[in-house]
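Here the structure comes first, spelled out in structure tokens, and everything after it is commentary.
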Amino acid sequence: MRLRGLGVALALLAGIATGCSSARERGDKAMESGNFEQAIQYYEKAVAKEPGDQEAIAGLKRAREEYLGQ
């Protein structure tokens, strides 16, 4: 029974990590298409889910810089 609980916990953690990656990936795609405002929203979501995600933090900084430079 303990192994089943561990499996559920691991599945939940994998889902959380995938959600962060997906938001960051959507931010990357929005940046590539020049949609900086949307990229900011995606990166903020990724950082909120995983505050230590350095790629999302860097993406958010770049998106904000690009948005302000328009």
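Each value in this text was obtained by applying a stated rule to the coordinates, not by laboratory testing. A quick note: this is a predicted structure, and the numbers were derived from the prediction, not measured.
Report the extension gain between Ala58 and Glu25 in nm, rounded to one decimal, defined as 0.36 nm multiplied by the number of residues separating them, less their alpha carbon distance.
Working: separation 33, 0.36 × 33 = 11.88 nm, distance 1.27 nm.
Full-extension gain reported as 10.6 nm.
Using the Kirkwood radius built from alpha carbon pairs, what does the Stokes-Einstein equation give as D for region 20-59 at 25 °C and 0.890 mPa s, in µm² per second? Approximately 264 µm²/s, per Stokes-Einstein.
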